[in-house]
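Peer 1: Could you have a look at this structure, given as structure tokens, before my questions?
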Amino acid sequence: MAAAANTTTKTDYSLKKYETRKEQKHLKYFVVQEPTPRLVTKCYEGRNTGQICYLTNEAMAFMVNQLNVQKNTTIGVVETTSGMCLANILNRGADVLNFYDGSATATHCVDIMNYESEFLDESLLPFPLDKVGTLLNQKKSYEDYFRIPFDPETDKPYVLEEIDEINKVSEKGTRRGKQSTNIIKNLKIIDRLSNGPSLDGLMVVTKYHPSSVVLPMLNLVKPSRPFVVYNINREPLMECFQSLQESGMAICLEVKNTFFRQMQVLPNRTHPEMFMKGQRGYILTGIRVEQ
């Protein structure tokens with residue numbers, strides 16, 4: 001810096017820009033931080049927005065606040081955002097029913113948060129999205145939703161009536177122990193969902209058309225509970241808005257634009273940032289009511 005010939009002739013403003021440019025070119029900073037939902041969302045937002053449906057930090061914060069997420073509540077989530085919505089809700093201490101499409105393990109954001117395995121076993125409950133229709137038909141058989149694996153010791157399907165005893169005598173970490181634990185968890189999910197509406201809120205952030213997901217999923221939400229639907233475009237949400245109005249399943253429907261203005265705060269140079277995102281998505285909010 002001192003060797004630069006024109007340093008003394010620069011104004012304070014241009015000198016500051018010159019120093020910043022040189023720091024970015026020659027200096028590298030490495031900071032280790034504890035993972036939080038805000039940091040994880042910010043990382044995905046800056047590097048791979050398409051993988052999280054172009055979701056932003058402010059949109060996520062608004063939806064979590066709108067759902068009134070807190071302990072002793074159960075929130076249903078339909079998402080294709082690599083577990084971004086799950087991580088944010090789990091951080092508030094609520095139980096999450098993850099209605100997954102494809103693989104139940106596509107939750108990279110939850111893995112990054114380093115939650116305890118015991119906490120995830122109790123709070124994160126996966127359920128296949130393509131079985132919601134079976135659930136609405138009030139079927140309660142285990143085989144209607146999940147495949148019963150073969151017991152490695154008997155080479156026959158597990159007997160559901162004996163699954164608790166099998167789990168007690170099986171060692172944790174073994175194939176038999178993992179399978180019996182998974183069956184008990186699935187039985188718990190089926191029992192919770194088959195006894196009428198059981199969700200205290202619903203969040204939908206998916207690449208599919210909102211109407212095809214929201215209308216059947218609202219049958220699982222308790223009356224007077226909120227729901228939120230995010231989409232990068234307004235038109236799909238408007239179609240969902242009209243469908244909900246015609247069905248009479250919801251009130252207080254609103255479609256909101258999440259615009260967040262970022263400010264540069266520096267001495268004598270405080271103003272909105274020169275480059276900001278112009279498209280931040282839209283959110284449909286409402287309250288579930290009985291028809």
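The values are calculated or read from the model by the stated rules, or taken from the named source; none is laboratory data. Note that the structure is predicted; figures quoted are calculated from it, not measured. Here the Cβ is made from the backbone with ideal geometry for all residues, glycine too, and neighbour counts use every protein chain on show.
Peer 1: Tell me the residue from Asn98, Asn88 that is in contact with a helix residue (DSSP H, G or I) (Cβ under 8 Å, 6 or more places away or on another chain), assigned to a helix (DSSP H, G or I) and either acidic (Asp, Glu) or under 30 Å from Leu187 (Cα atoms) (or both), please.
Peer 2: Checking each option against the conditions leaves just Asn88.
Peer 1: Could you grab me the full set of residues in region 275-291 that are part of a loop (DSSP other than H, G, I, E, B) and surrounded by 14 or more Cβ atoms within 10 Å (Cβ to Cβ)?
Peer 2: Hits for region 275-291 are Arg280, Gly281, Val289.
Peer 1: For region 236-268, what are the residues that are loosely packed, with under 13 Cβ neighbours inside 10 Å, modelled with pLDDT of 90 or more and under 22 Å from the mean Cα position of the chain (by Cα)?
Peer 2: Answer for region 236-268, where residues must be loosely packed, with under 13 Cβ neighbours inside 10 Å, modelled with pLDDT of 90 or more and under 22 Å from the mean Cα position of the chain (by Cα): just Glu254.
Peer 1: I've got another one for you. Just for region 161-201: of the residues that are out of contact with any helix residue (DSSP H, G or I) (no Cβ under 8 Å at 6 or more places or on another chain) and of a type in the set (Val, Ile, Thr), which one is nearest to Met217 (Cα to Cα)?
Peer 2: By that ranking, first place goes to Ile189.
Peer 1: Checking the structure you have, find out if any residue of region 107-122 is outside any loop (DSSP other than H, G, I, E, B) and farther than 27 Å from Tyr44 by Cα.
Peer 2: Within region 107-122, none of the residues are outside any loop (DSSP other than H, G, I, E, B) and farther than 27 Å from Tyr44 by Cα.
Peer 1: Which residues, counting only those in region 248-262, are on the phi > 0 side of the Ramachandran plot and touching a helix residue (DSSP H, G or I) at 6+ places or on another chain (Cβ under 8 Å)?
Peer 2: none
Peer 1: For Leu120, work out the one condition from (1) out of contact with any strand residue (DSSP E or B) (no Cβ under 9 Å at 6 or more places or on another chain); (2) surrounded by fewer than 16 Cβ atoms within 10 Å (Cβ to Cβ); (3) modelled with pLDDT of 85 or more it doesn't fulfil.
Peer 2: (2)
Peer 1: Has region 26-38 got any residue that is in a helix (DSSP H, G or I), more than 26 Å from Met276 (Cβ to Cβ) and not assigned by TED's automatic domain parsing to the domain that holds Leu215?
Peer 2: Yes, because at least one residue in region 26-38 is in a helix (DSSP H, G or I), more than 26 Å from Met276 (Cβ to Cβ) and not assigned by TED's automatic domain parsing to the domain that holds Leu215.
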